[in-house]
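Worksheet for the structure shown next.
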Amino acid sequence: MQSWADNARRSGKRLAVVPTMGFLHDGHLSLLRLGRERADSLIMTLFVNPTQFGPNEDLSRYPRDEVGDIAKAAAIGTDIVFCPDPKDMYGPRHDTTVMVPTLSKPLCGVTRPGHFAGVATVVAKLFHLTWPHVAVFGEKDYQQLSVIRRMVRDLNFAVEIVSGPIVRESDGLALSSRNAYLNPEERQQATYLYRGLREARNVFKGGTRDAKTLVDAAADVIAAAPMATIEYLEIRDASDLSLVQSVTRPAILAVAVRIGQTRLIDNVLLD
Ligand code: PAF
């Protein structure tokens, strides 16, 4: 992978990478299109990174479709799909971890304590392997995007980070590979996440700035989905993820819920 990237760079090409864990949906494809527009050569990485999963999480059952993913990536004009083996990514004496502790602590970090260290480490490795000028990530994983932007800044990676907007089903559910876990009833109840966020955003647009009032507006809607247990529903500053009492600067309203065995996240920008 490194020598392919080296050759491409030597021939003057601008490289984009879209890191993924595969099982591609239209959200991933929109990120690939963004990468395609911004570079001469497009790399997709396909790696279900074990170090970002906790011991009781869904690593073993994470949905996979390598052949289908490669076909979808090729149809968008991806030049190379990099699918490393976990044994090659993490050799027996692998001992280095990249941590972005402050941004990794709240929100998903509360129930997934090692998650963002796993993400930052693998993304740093993927950047060293694919040597991109630009890398594209989705805004659905807003905290992940914040962690990666901070890592890139702090460690002086010469990589431009581009984000792609959340892609939704027609009923508002944010696309996620994990939606495949939902049975029909859970799938129906999952629509309440975005309904709740949209309600809070409407209240915000109506002039309300008090964070608790906005969170309550979303929570009331999500409460209509009895199978959904809220893990967090918080308004955080869009740049440093600190808790916000009153939305006077751009902020995100972020939610994580469990529906049955499935954990879903979503967010909207309050700007
Ligand atoms: O967002 C994802 O799919 C993963 O967290 C990423 C960025 C590919 C790292 O494994």
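Under 11 Å from the Cβ of ARG198, count the other residues' Cβ atoms, weight Lys and Arg +1, Asp and Glu -1, and hand me the total.
+2
What's the carbon and sulfur percent of the chain's accessible surface, probe 1.4 angstrom, rounded to a whole number? The partial results should precede the final answer.
Details: 6430 of 12870 Å².
After summing per-atom areas, the C and S share lands at 50 percent.
Solvent-accessible area of ARG61, probe 1.4 Å, all protein chains present, reported in Å² to the nearest ten, please.
Accessible area, nearest 10 Å²: 110 Å².
Quick one: helix 211-222 against the long Cα principal axis of the chain, what's the angle to the nearest 10°, folded into 0 to 90?
Long axis of 211-222 versus the principal axis of the chain: about 90 degrees.
How much FRET efficiency would the formula 1/(1 + (r/R0)^6) give for LEU59 and ARG9, where r is the Cβ-Cβ distance and R0 is 35 Å, rounded to 0.05?
Once the sixth-power term is evaluated, E becomes 0.55.
Which of these, TYR194, TYR90, TYR181, has the largest mean-square fluctuation under a Gaussian network model of the chain (Cα springs below 10 Å)?
Top of the fluctuation ranking is TYR90.
Which value, in Å², gives the accessible area per residue of the stretch 121-230 when a 1.4 Å probe is used on the protein heavy atoms?
So the stretch 121-230 comes to 45 Å² accessible per residue, rounded to a whole number.
Need one value: the accessible area of SER246 in square angstrom, 1.4 angstrom probe, rounded to the nearest 10.
The accessible area of SER246 comes to roughly 60 Å².
Considering only PRO63, PRO19, PRO184, give the residue with the highest GNM mean-square fluctuation for the chain, with springs between Cα atoms whenever their separation is below 10 Å.
So, out of PRO63, PRO19, PRO184, the one fluctuating most is PRO184.
Using only the alpha carbons of the chain, what is the convex hull's orientation-averaged projected area in square nanometres?
That works out to 14.5 nm², a quarter of the Cα hull's surface.
Once both axes come from the Cα atoms, what is the angle between helix 66-76 and the longest principal axis of the chain, in degrees from 0 to 90, rounded to 10?
90
Report the residues of the stretch 191-225 in range of a label on SER242: point 7 Å along Cα→C-beta, backbone N strictly under 18 Å from it.
210-212
When the solvent-accessible surface of protein heavy atoms is calculated with a 1.4 angstrom probe, in what order do THR213, THR208 fall, highest first? Write down the numbers at each step before the final one.
On the way: THR213 65, THR208 40 Å².
Largest accessible area first, the list is THR213, THR208.
Just how much of LYS72 is accessible, in Å², when a 1.4 Å probe is used and the result is rounded to the nearest 10?
Spelled out: LYS72, probe radius 1.4 Å, area about 80 Å².
Out of residues 5 or more away from ASP65 or on other chains, whose amide H comes under 5 Å of its own, with H placed 1.01 Å from N in the peptide plane?
Under 5 Å from the amide H of ASP65 lie the amide H atoms of PHE23, each far enough along the sequence or on another chain.
Apply the Karplus curve 6.51 cos²θ - 1.76 cosθ + 1.60, θ = phi - 60°, to the phi angles in the stretch 101-111 and return the couplings in whole Hz, x for Gly and Pro.
With coefficients 6.51, -1.76 and 1.60, one gets x, 5, 6, 7, 7, x, 6, 5, x, 5, 9 Hz.
With each run of n ≥ 4 DSSP H residues scored as -39500 (n - 2.57), what mean residue ellipticity at 222 nm is computed for the chain after dividing by its residue count and rounding to the nearest 500 deg cm²/dmol?
Dividing the helical sum by the residues of the chain leaves -11500 deg cm²/dmol.
With θ taken as phi - 60° and the coefficients 6.51, -1.76 and 1.60, list the Karplus ³J(HN,Hα) couplings across the stretch 176-190 in order, rounded to whole Hz; mark glycine and proline as x.
Ordered by residue, 3J(HN,Hα) equals 7, 4, 6, 4, 4, 6, 6, 7, x, 5, 5, 4, 5, 5, 4 Hz.
In sequence order, what are the phi-derived ³J(HN,Hα) couplings for the stretch 196-210 according to the Karplus relation 6.51 cos²θ - 1.76 cosθ + 1.60 with θ = phi - 60°, rounded to whole Hz, with x for glycine and proline?
x, 4, 5, 4, 4, 5, 5, 5, 4, 5, x, x, 6, 10, 5
Students often get this wrong, so check it: of LYS87/LYS140; LYS13/LYS87; LYS13/LYS140; LYS87/LYS125; LYS105/LYS205, which have C-alpha atoms separated by over 23 Å?
With Cα atoms farther than 23 Å apart: LYS87/LYS140; LYS13/LYS87; LYS13/LYS140; LYS105/LYS205.
The values are calculated or read from the model by the stated rules, or taken from the named source; none is laboratory data. For clarity, every value in this text was computed on a predicted model and none was experimentally measured. We place every Cβ from the backbone using ideal geometry, glycine too, and count neighbours over all the protein chains shown. Just the protein is used for accessible areas: all its heavy atoms, side chains included, with ligands, DNA and RNA removed. Shrake-Rupley method; radii C 1.70, N 1.55, O 1.52, S 1.80 Å.
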